[in-house]
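Worksheet: one structure, shown below.
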Amino acid sequence: MFLGNQMIPNDVTDPRLYFNLACLYAIQRDKKEMLHNVAIALRLGQSPKDFLTDSDFDGFKKDPDFIRIVTGRSAAPFSK
């Protein structure tokens, strides 16, 4: 069990941390955790383009949930 998110202080405001966690979970094929971290990174200011161009997300680039969150066409952020 990876404890990455459990080790992050609540006041982290740098989107790069969540972007990198999303990359890690994408590589591990953990869609739920990946989408959760994508949503946080985007809320904190990470560019959607970063998710669409990074090869770590290649396995999800046709996934409807991933596309909806990254393009901002989601009614609500992904929740755990």
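Bear in mind these aren't lab numbers, they're just calculated from the coordinates by the rules spelled out. Just so it is clear, the structure is predicted and the values come from calculations on it, not from any experiment. Using ideal geometry, Cβ is built from the backbone for each residue, glycine included, and neighbour counts are taken over all protein chains shown.
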Counting only residues in region 20-52 that are touching a residue at least 40 places away in the same chain (Cβ under 8 Å) and of a type in the set (A, V, I, L, M, F, W, C), the one surrounded by the most Cβ atoms within 10 Å (Cβ to Cβ) is identified as Val38
Filtering region 53-77 down to residues that are exposed (fewer than 12 other Cβ atoms within 10 Å of the Cβ) and among the acidic types (Asp, Glu) yields Asp58
Over region 47-74, the set of residues more than 17 Å from Asp30 (Cα to Cα) and more than 13 Å from the chain's Cα centre (by Cα) is Thr53, Arg73, Ser74
